[in-house]
Amino acid sequence: MVDAPRAEPLDLRELFTMHAPYVWNSLRRLGVLASDLEDLTHDVFVQVQRHLGEYDASRPLRPWLFGFAFRIASQYWRRAHRRRERSADAAVARAVDPSALPDQRLAAEQDRQLVLSALEAIDLDRRAVFVLYEIDGVPMAEIARLLGIPVNTAYSRLRVARTEFAAAVRRLRRSER
């Protein structure tokens, strides 16, 4: 769901309070390790603070925030010394919905892990388009503008990402058996 454009000026504290969970999830979907999510979420909002005056209030806020998350995640993965430590991620506690039955919680967690693992199989540039379009519901023209690419390139990345995602899901499900 894309949020409505805002008329009033942005307040960083309010932005952080309202949108930190979205930024956190966006970074997680972009492959950031759970142990680094908190730091990188803060890094996103440091960048947001520097660019608050550049925000176009006629545009939705979440895609703008996703742009910062995408750039931070891209820098994160470009660092040569970055290592992939999935075992540490598995140990990180997740919020649990107390109203759900244990089998429902388990199934939801398994689905969430399947999606995150399948997203990892997609190149970051294509993954950004996929997440924005398929998960966040951002219109393609907005995605293209946000990422600074032609609309046809964005559609091409989405097509390839859908194929890669579906293949990754099939592969992961086969390996579970």
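The values are calculated or read from the model by the stated rules, or taken from the named source; none is laboratory data. Given the structure is predicted, the values throughout are model-derived calculations rather than measurements. When we count neighbours, we look across all protein chains shown, and the Cβ atoms used for this are built from the backbone with ideal geometry, even at glycine. When the accessible area is computed, the model is the full protein with side chains, heavy atoms only, and any ligands, DNA or RNA have been set aside. Shrake-Rupley method; radii C 1.70, N 1.55, O 1.52, S 1.80 Å.
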### Message
For the full complex of protein chains and a 1.4 angstrom probe, list E54, E164 by accessible area with the highest value first.
### Response
E54, E164
### Accessible area of H19 in the full protein assembly, 1.4 Å probe (Å², nearest 10)
10 Å²
## Note on the structure
Per the 1/(1 + (r/R0)^6) rule, R0 = 35 Å and r from the Cβ atoms of R79 and R177, FRET efficiency to 0.05 is 0.45
### Summary
Once all protein chains are kept in place, R162 shows an accessible area at probe 1.4 Å, nearest 10 Å², of 110 Å²
### Rounded accessible area per residue of region 4-63, 1.4 Å, Å²
53 Å²
### Task
Please give the solvent-accessible surface of R62 in Å², to the nearest 10, using a probe radius of 1.4 Å with every protein chain present.
70 Å²
### Task
May I ask for the percentage of alpha-carbon pairs in region 6-78 that lie more than 14 Å from each other?
55 percent
### Task
Beyond 13 Å, what share of the Cα-Cα pairs of region 35-77 is found? Please give it as a whole percent.
54 percent
